[in-house]
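Please read the structure below before turning to the comments.
The values are calculated or read from the model by the stated rules, or taken from the named source; none is laboratory data. Computed from a predicted model, the values in this text were never measured in an experiment. Cβ sites come from the backbone with ideal geometry, for glycine too, and all protein chains shown count toward neighbours. These area figures cover heavy atoms from the full protein model, side chains too; ligands, DNA and RNA do not enter into them. Shrake-Rupley method; radii C 1.70, N 1.55, O 1.52, S 1.80 Å.
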Amino acid sequence: MALVAVFSDVHGNLEALEATLRDARSHGAERFACLGDIVGYGADPNACCERVRALGGTVVRGNHDHACSHRVSLEWFNPLAAAAVRWTRLQLTAENRDWLRELPYEAELDGKAHLVHGALHDPSHWPYLFDRADAAPHLRRQTLPLCFVGHTHVPIVFARIGKNVLESRLDAFRLEGADGAKVVVNVGSVGQPRDGNPKACYVLFDPDEGLVVPRRVEYDAMPTASKILEAGLPKPLAMRLFLGR
Ligand code: ZN
């Protein structure tokens, strides 16, 4: 079975998305799974939707995808995010908006892994999995050994072994000899990493081997930042691309 590139939180950053897809294909990825937040923050929402749609892979709905394609209140968004949602709503073509509107909240990859933007215990309200306490209710709902999430833009792994919930940085690992264990992998963010490393982040997943390999991809964020400024989007959204925050 072909290698799957699992990525999340593109956030309208076309340069980071293209660099990620190039990297994934050069490492043998033939399939793609996207964990949502394709739009919001960046200045290329339509191009990013079109690139992701063209991959033909499984895509789930992020909170920004939802907010940009529905008339919902933005009170849960910080001012920067809300400004970007308002701008993105005006930019999206009807076709891309309709596609975002219909994305499922959760999905499965070959019966091997769950795919969800925030967490399985409340997929349509996008809880954040920042720490072990956050991960506990999610892991209780997880039925497959593996789940991939995004949303926090911070790559990390939580595992439930017996009654214990453990936390680890995201390094390459193979799911084997872990009978009954449940593992949730945050794949980080392609378009707006927040772990202090500005390189795009995603994982390669081998469903046959149970192998998960994180990747970081360098790209030129200058054109991305320039487009954000030219669009009149909030300036910190351009700046943070260089800081990884
Ligand atoms: Zn996001």
Considering only residues that are over 18 Å from Leu109 (Cα atoms) and touching an Asp or Glu at 6+ places or on another chain (Cβ under 9 Å), look in the stretch 131-151 and name the one that is surrounded by the fewest Cβ atoms within 10 Å (Cβ to Cβ). Asp131
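Any idea which of Ala107, Ala119, Ala181, Ala136 is under 27 Å from Arg240 (Cβ atoms) and not polar (S, T, N, Q)? Give the derivation first.
On the way: Ala107 fails: under 27 Å from Arg240 (Cβ atoms); Ala181 fails: under 27 Å from Arg240 (Cβ atoms); Ala136 fails: under 27 Å from Arg240 (Cβ atoms).
Of Ala107, Ala119, Ala181, Ala136, the one residue that is under 27 Å from Arg240 (Cβ atoms) and not polar (S, T, N, Q) is Ala119.
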In the stretch 106-130, how many are modelled with pLDDT of 95 or more and open to solvent by less than 70 Å² (accessible area, probe 1.4 Å)? 17
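Looking at this structure, is Arg89 among the basic types (Lys, Arg), without any contact (Cβ under 8 Å) to a residue 24 or more places away in the chain and closer than 20 Å to Phe205 by Cβ? Break it down into steps so the answer makes sense when it comes.
Details: among the basic types (Lys, Arg): yes; without any contact (Cβ under 8 Å) to a residue 24 or more places away in the chain: yes; closer than 20 Å to Phe205 by Cβ: no.
So Arg89 does not fit the description; no.
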Only residues that are in a helix (DSSP H, G or I), closer than 22 Å to Glu18 by Cα and of a type in the set (Gly, Ala, Ser): list them for the stretch 48-102, please. Ala54, Ala84
Among the numbered criteria (1) under 16 Å from the mean Cα position of the chain (by Cα); (2) open to solvent by 20 Å² or more (accessible area, probe 1.4 Å); (3) in contact (Cβ under 8 Å) with a residue 24 or more places away in the chain; (4) over 17 Å from Ala33 (Cα atoms), which single criterion is violated by Arg215? (4)
Residue check, Val157 against (1) in contact with a Ser or Thr (Cβ under 6 Å, 6 or more places away or on another chain); (2) part of a loop (DSSP other than H, G, I, E, B), all met but one. Which one? (2)
Looking only at the stretch 57-86, filter to residues that are over 27 Å from Ala5 (Cβ atoms) and of a type in the set (Lys, Arg); which one of those is farthest from the ligand (Cβ to nearest atom)? Arg71
Could you say whether any residue in the stretch 87-107 is in contact with a Pro (Cβ under 6 Å, 6 or more places away or on another chain), more than 16 Å from the ligand (Cβ to nearest atom) and at positive phi? no
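Conditions tested, residue by residue: (1) without any contact (Cβ under 8 Å) to a residue 24 or more places away in the chain; (2) away from the ligand (no atom under 16 Å from the Cβ); (3) part of a loop (DSSP other than H, G, I, E, B).
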residue: Ala136; (1), (2), (3): no, yes, no
residue: Leu139; (1), (2), (3): no, yes, no
residue: His151; (1), (2), (3): no, no, yes
residue: Pro193; (1), (2), (3): no, no, yes
residue: Pro223; (1), (2), (3): no, yes, no
residue: Ser226; (1), (2), (3): yes, yes, no
residue: Leu233; (1), (2), (3): no, no, yes
Considering each residue of the stretch 37-66, count those that are within 16 Å of the chain's Cα centre (by Cα) and more than 24 Å from Ser226 (Cα to Cα), and give that number. 10
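Table: residues versus (1) closer than 21 Å to Phe130 by Cβ; (2) among the basic types (Lys, Arg).
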site	(1), (2)
Arg194	yes, yes
Leu204	no, no
Pro214	yes, no
Leu233	no, no
Pairs needed: first member in the stretch 5-20, closer than 11 Å to Pro193 by Cβ; second member anywhere, part of a helix (DSSP H, G or I) and within 11 Å of the ligand (Cβ to nearest atom); C-beta distance under 8 Å; at least 6 residues apart or different chains. His11/His64
Hey, does the stretch 173-189 have a residue that's open to solvent by 70 Å² or more (accessible area, probe 1.4 Å), more than 16 Å from the ligand (Cβ to nearest atom) and in a strand (DSSP E or B)? yes
Search result, residues across the stretch 31-56 that are more than 12 Å from the ligand (Cβ to nearest atom) and of a type in the set (Gly, Ala, Ser): Ala33, Ala43, Ala47, Ala54, Gly56
